[in-house]
Each structure stands twice: as C-alpha cells, then as structure tokens.
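Student: Take this structure first; my questions come after.
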Amino acid sequence: MGDVTRRTALGAAAAGVAAAAVSGDKPALLGGVPVRSDKFPSWPVIRDNDERAWMKVLKSGRWNRMGGTEVRRFEETWARMLGAKHCLAVANGTSALITALNTLEVGPGDEVIVPPYTFVATINAVLLQNALPVFVDTDPDTFQIDARKIEASITERTRCILPVHVGGAPADLDRILAVGAKHKIPVLEDACQAHLAEWRHKKVSTLGAMGCFSFQASKNLNSGEGGALMTSSDELYEVASSFHNNGRGKNGGSFSYVRNGANLRLTEFQGTLLLEQLERVEAQSKMREENAAYLTSMLREIPGITPAKLHDGCTRNALHLYMFRYEAAQFGGLPRAKFLKAMAAEGIPCSGGYTPLNKEPLVRTVTASRGFRRVFSERELRQYHERNSCPVNDRLCEEAVWLTQTMLLGGKRDMEQIAEAARKVQKHSALLMA
Ligand SMILES: *Cc1c(COP(=O)(O)O)cnc(C)c1O
C-alpha cells in the first residue's frame, strides 16, 4: 500500500469513528443511537414437543388429573429432579403457599416470619389464614431476608418461618434452619422464583419442612399458571394432598371427606406442558448462570453498580432476576427513575423492582378487618405495626435495579451491551440530569 493510499484509508477510518462517536455516543434518551436495537429472547419458549403433548391431552379428553397421567408424571419427575420425596402439583404458587400454611396448621392468631422484599403472594397467603406476617429486614448485600435478625422476631405466637429465595438465589438456609430447629418452628421455603437453585448442593424447597414453587407465566418453569409443593414428610404430603382436593381422603373417593379443603388441582394440560418444558430447564438454567457470571464481571467494574452477592452456601443460583444496587451519587446524582429510563432508551429494559411490602396499605387494611380484630387485641395490633419497620429494606427498594431472566438467555454480546449501556449512561449523567 502506497503512502497516499494509506493516509486516505486511515483518514476515512478516523472519520468513521468520529461519526459513530457523535451519533452513537449521545444518550439515546436525548436522541442518540441506542446501544441495542434487537429484542431480548422472548418467553415462553415453544417447540413442537409442547404442541404435540398439548394436542395429545386435548384429544384424549382426559383433562382433569383424576383419570389422567400427566400431572402425576410431572410430580414424579420434578420430585426426582429435586431430590424430594413428594411433590404435589397445585393450581399456582399462591395455592402452594396456602396449602402449605394450612397443612402446617398456621391459623388465626399465629405469626409467620416473612421478608418484606418479595412478591405480595407470600404475605397474602399468611393474611388469608388470619395470621400476621412479621417482617424481618433485608440483607442489602444479598437482597435476601437477614437471617441474623430472625430470632429477635420470634414470639410465642410464631408458627412458621417463611423465607423467600428472592430472584432465585437462596436465602441463608444454614441460619434459618438452625433458628427453626432451635425453636421447633417449621421452615416453609417460598421457592417460587428458585427452580433448580441449590444450597450446599441440595435443591432449595427440599431443605425446609415444605417448599413451594410457581409455574406462572414469568417464572423459569412455566405452564401459564401452576405450582407445586415439595416435602419429605409422608404425613404432611397426605394432608396437603387432601387439602388441595376438597379435603378428600387418601383414596380420593368422590364423596368422602376427612378435612376441609379447596379445589387447587392442576390440569392435565398444564401437567403435560411442564413435562415438556422440563426438557429445556436445565440447559436454560446453565445459560443464565454463564451469562450472569459474565455480566457480573463487567458490571462490578462500574462504580455505583453493585450486583447482589450470594451467600456462601449457595451452590446454584436460579437467576429468576438479575439484581443490582444503583448508587445515584456515582452517576452524578442521576435519580434511579431516570437511570431506568435512560437504560430503556438504550434498548436495555430494566425495572426498579419491589416496593416495601411492610408499608403496603393492604397490611393495615387487612389487619384492621373484623376477623383480625376478633383474634388480636387492639394493643397487639398496635405493637405489631410498631415492630414492622424495615429501614434497610426501605433503602434497598430505592436502589434496586432488576433485569429479567429472559435477558440472560441470549449470547455474550447481549451481556456486553447491558454493561455498555450502563457505562454510557454514567458517562453522560450530567447531560441526562440537565
Ligand atoms: C410468583 C410468586 C408467587 C406466587 O405464585 P403464583 O403462581 O403467581 O400464584 C409467590 N411467591 C413468590 C416469591 C413469587 O415470585
């Protein structure tokens, strides 16, 4: 290549870079070129096997689990995959929690220890029993219930400890199980976001007395709606199974009942879909883990972004959510809401996550209802509300940022673009503040 030619080539390349810098470097929120214009992978994943299985159930006419095979097959398979003795499929995760609380005889006048950083269903299930959800503050590093603070919240009314594996990462089960054992209080794991997550190489949901899953549309294992309850206890399984089947006895006789209950049964359609989705769940989970590890390696280099840490006992994170803390001060004071908007404009949709559940007006309204006032005295309810502050969680709720599990199902380039967008927003925070 002659001198002149080389100069021209270099000049053209430099001009190209400059042009890219001008258009691509401006925040997309202010009219610049977004870091990413492709969509993230869609959810659910639907393949031929799902369609075939669905049609087979349809044509069989056996749509109900009684007389069907698919729900039972799913229960056996999921129990085997998790190393649980029993799995009971139910209509959804909320039903799993309600069934478990009934099985553990949590009822009017009782207290249940819960985290304030969770989906509302966790506490709704408790309130529906006319029991009080007692909130224990969150550990800001892991986003999980602060297990060191559980014991101080136990009273003679405490009937159950209900930790949630938020985002799919396990709560500190060593501490939680130890406190439960010490006070002889059963631990019910809300694993609704934690399919295949592990604590010291054991699947979560199998470590407490009972564990609950959700297969609602957004979850990592999905049948539109659906849920399951895991336990290693024959007695608890039998009670739960009866409760979810209108209180029928062991043999499910049509008009013979051994307790009260509800109809919380899963359909054969959902059972068969779950079985087919199970074929992909392991590979999808691995992919999320690999992508999340790569993303964390990039995000932790950005001042003001702190990815959620894992407890030492966590040997597998289900990554239903990828969660990090956003510190506005490191972004020139750019409020989180503006950061979320700027990221969305760059093609990276993210959310601010949960608001503090302990401060939800519904907690006040429900505990002021007639049923609660008949069970708890005015003084007890006043003391309950005084105890229910979670200052660390309040702050976390203002700083948290979430990415959803489907964003972790693509390639490395996707992860690079998430980090690139965050760096870009940080670089131009002053412009975005104006
Ligand atoms: C999804 C979810 C539930 C409820 O499950 P549904 O299937 O929607 O009823 C309960 N707890 C947590 C933590 C959840 O994420």
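Student: Just by accessible area at a 1.4 angstrom probe, what is the order of 119, 40 from largest to smallest?
Tutor: 119, 40
Student: Using θ = phi - 60° and the Karplus relation 6.51 cos²θ - 1.76 cosθ + 1.60, list the HN-Hα couplings for region 351-366 in order, rounded to whole Hz, with x at every Gly or Pro.
Tutor: 10, x, x, 5, 9, x, 5, 5, 9, 4, x, 4, 5, 5, 4, 5
Student: When the helix-only estimate is applied to the chain (DSSP H runs of n ≥ 4, each -39,500 (n - 2.57), divided by the residue count), what is the mean residue ellipticity at 222 nm, nearest 500 deg cm²/dmol?
Tutor: About -13000 deg cm²/dmol.
Student: Something else now. Considering only protein heavy atoms, what per residue accessible area in square angstrom results for the chain with a 1.4 angstrom probe?
Tutor: For the chain, the per-residue accessible area is 45 Å².
Student: Next question. Give a residue-ordered list of calculated ³J(HN,Hα) values for region 335-348 (Karplus: 6.51 cos²θ - 1.76 cosθ + 1.60, θ = phi - 60°; whole Hz; x for Gly, Pro).
Tutor: x, 4, 4, 6, 4, 4, 5, 5, 5, 4, 5, 6, x, 10
Student: If you roll a 1.4 Å probe over the chain with all protein chains in place, what percent of the accessible area is carbon or sulfur?
Tutor: 53
Student: Report the full-extension gain for the segment residue 30 to residue 72: residue separation times 0.36 nm, less the Cα-Cα distance, to one decimal in nm.
Tutor: 9.7 nm
Student: Let me check against my output: what whole-number percent is the relative contact order of region 36-129, with C-alpha pairs under 8 Å and at least 6 apart?
Tutor: It comes to 18 percent, rounded to a whole number.
Student: While we're here: Can you run phi through the Karplus equation (6.51, -1.76, 1.60; θ = phi - 60°) for region 132-147 and list ³J(HN,Hα) in whole Hz, with x for Gly and Pro?
Tutor: 9, x, 9, 7, 10, 4, 8, 7, x, 6, 9, 6, 9, 3, 7, 4
Student: With a sphere of radius 12 Å drawn around the Cβ of residue 428, what net charge do the other residues whose Cβ falls strictly inside it have (Lys, Arg +1; Asp, Glu -1)?
Tutor: Every neighbour counted, the sum reads +3.
Student: Give the ranking of 182, 26 by solvent-accessible surface, highest area first, calculated with a 1.4 Å probe.
Tutor: Reading off the accessible areas and sorting them downward yields 182, 26.
Student: May I pose another question? Among rounded, prolate and oblate, which fits region 78-199 when a ≥ b ≥ c are the square roots of the eigenvalues of its C-alpha gyration tensor, a/c under 1.5 means rounded, and a/b larger than b/c means prolate?
Tutor: Rounded shape, in that the Cα axes give a/c under 1.5.
Student: Given an 8 Å cut-off on Cα distances and at least 6 residues of separation, report the relative contact order of the chain as a percent.
Tutor: Once divided by the residue count of the chain, the mean separation gives 21 percent.
Student: Just subtract the alpha-carbon distance of residue 124 and residue 49 from 0.36 nm times their residue separation and send over the number in nm, one decimal. The partial results should precede the final answer.
Tutor: Details: separation 75, 0.36 × 75 = 27.00 nm, distance 3.59 nm.
That pair, residue 124 and residue 49, stretches by 23.4 nm at full extension.
Student: Over the Cα atoms of the chain, what Rg and Dmax result, in angstrom?
Tutor: 24.7, 95
Student: Here is a follow-up. Among bridges DSSP assigns within the chain, what percent are antiparallel (round to 5)?
Tutor: 70
Student: Another question about this same structure. For residue 138, what residues show an amide H to amide H distance below 5 Å, using hydrogens built from the backbone and excluding near sequence neighbours?
Tutor: When sequence neighbours closer than 5 places are left aside, the close amide H contacts are 146, 392, 393.
Student: Continuing with this model, one more query. Please compute the modelled spin-label separation between residue 255 and residue 374, points set 7 Å along Cα→Cβ, answer in nm with one decimal.
Tutor: 3.0
Student: How much accessible surface does residue 43 have with a 1.4 Å probe, in Å² rounded to 10?
Tutor: Residue 43 exposes around 50 Å² with every protein chain in place.
The values are calculated or read from the model by the stated rules, or taken from the named source; none is laboratory data. The model shown is predicted, which means the values in this text are computed figures rather than measured ones. Heads up, the Cβs are rebuilt from the backbone with ideal geometry, glycines too, and the neighbour counts pull from every protein chain shown. Keep in mind that these areas ignore ligands, DNA and RNA; they rest on the heavy atoms of the full protein, side chains included. Shrake-Rupley method; radii C 1.70, N 1.55, O 1.52, S 1.80 Å.
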